[in-house]
Amino acid sequence: MKTWTIADRGLVLMQGDLTTMRVDAIVNAANSRLAGGGGVDGAIHAAAGHDLLQAACREIVADIGSLPAGQAVITPGFNLPAEHIIHTVGPIWRGGSENEPGKLRNAYLNSLKLAHAHNLKTIAFPAISCGVYGYPVEQAAQIALTALREGLEQGLVEEASMVLHGDAAYETWLKIADTIL
Ligand code: AR6
């Protein structure tokens, strides 16, 4: 684990399982239909209680329709240690010509803004779009860490953590963090 202080707030990089985080909100790397899936989304559904979370997600989609990439919505955390789940949709990597960087940046910043709007102080993120959605990890890390730094400078939350799955991912993110933080 490594921590940086930015405008008196914390930015944490760690290796671990997002579903075990005892924070005000964990962020889910969801799909536009909030339909559940594999990866971190599947792990969050399993740990939160699949039926409870699916019912909450269905209500949101019935209300607002599909969630475009870069946007975020919130549900309770149900059986998770985290109190809330912020669901955001990262871009599917299509080579970089479809504003993937802008959408990925928005996914982080809009999650932080939503946390702020709900008066949440601590938030933990997975590496959005870095699994099934195929985003090149080093580029994603640069965008994510820059967005988190900006959000902390704006005072949106007290502490933002990146929870990376596996040592290799952690080492990659650490390398990028050391170049830009
Ligand atoms: N804790 C932390 N990180 C995790 C965990 C975990 N428990 N499990 C996986 N990861 P992905 P995406 C990492 O594929 O690329 C789903 O089906 C994983 O190693 O979960 O945004 C959704 O429903 C990777 O680095 O999300 C969507 O359809 C990162 O989380 C689609 O996948 C993100 O990988 C979203 O794809």
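Observations
- Odd one out for residue 7, checked against (1) out of contact with any helix residue (DSSP H, G or I) (no Cβ under 7 Å at 6 or more places or on another chain); (2) away from the ligand (no atom under 12 Å from the Cβ); (3) touching a residue at least 12 places away in the same chain (Cβ under 8 Å); (4) within 23 Å of residue 181 (Cβ to Cβ): (1)
- Residue match in region 128-143 (condition: open to solvent by 40 Å² or more (accessible area, probe 1.4 Å), more than 13 Å from the ligand (Cβ to nearest atom) and either out of contact with any Pro (no Cβ under 8 Å at 6 or more places or on another chain) or not in a loop (DSSP other than H, G, I, E, B) (or both)): yes
- Exactly one residue out of 15, 54, 71 is modelled with pLDDT of 95 or more, of a type outside the set (A, V, I, L, M, F, W, C) and closer than 21 Å to residue 176 by Cα, and it is 15.
- When region 30-59 is filtered for residues that are open to solvent by less than 30 Å² (accessible area, probe 1.4 Å) and in contact (Cβ under 8 Å) with a residue 24 or more places away in the chain, the ones remaining, listed by number, are 30, 34, 44, 48, 49, 53, 57.
- Total residues in region 154-181, condition in contact (Cβ under 8 Å) with a residue 40 or more places away in the chain and charged (D, E, K, R): 3
- Those residues of region 61-113 which are more than 12 Å from the chain's Cα centre (by Cα), small (Gly, Ala, Ser) and surrounded by 16 or more Cβ atoms within 10 Å (Cβ to Cβ), in sequence order: 69, 77, 82
- Among the residues of region 109-126, those that are under 20 Å from residue 177 (Cα atoms) and either touching a Leu at 6+ places or on another chain (Cβ under 6 Å) or in a strand (DSSP E or B) (or both) comprise 112, 122, 123, 124, 125, 126.
- Filtering 129, 97, 161, 111 for residues that are more than 24 Å from residue 15 (Cβ to Cβ) and hydroxyl-bearing (Ser, Thr, Tyr) leaves a single hit, 97.
- Of the residues making up region 35-65, those that are under 19 Å from residue 124 (Cα atoms) and in contact with a Lys or Arg (Cβ under 8 Å, 6 or more places away or on another chain) number 0.
- Residue pairs whose Cβ atoms lie under 7 Å apart, separated by 6 or more positions or on different chains, with the first residue in region 120-133 and on the phi > 0 side of the Ramachandran plot and the second more than 6 Å from the ligand (Cβ to nearest atom) and open to solvent by 10 Å² or more (accessible area, probe 1.4 Å), are 129/93.
The values are calculated or read from the model by the stated rules, or taken from the named source; none is laboratory data. All values derive from a computational prediction rather than experimental measurement. For neighbour counting, all protein chains shown are included, and Cβ atoms are generated from backbone atoms with ideal geometry for every residue, glycine included. Please note that ligands, DNA and RNA were not included when accessible areas were found on the heavy atoms of the full protein model with its side chains. Shrake-Rupley method; radii C 1.70, N 1.55, O 1.52, S 1.80 Å.
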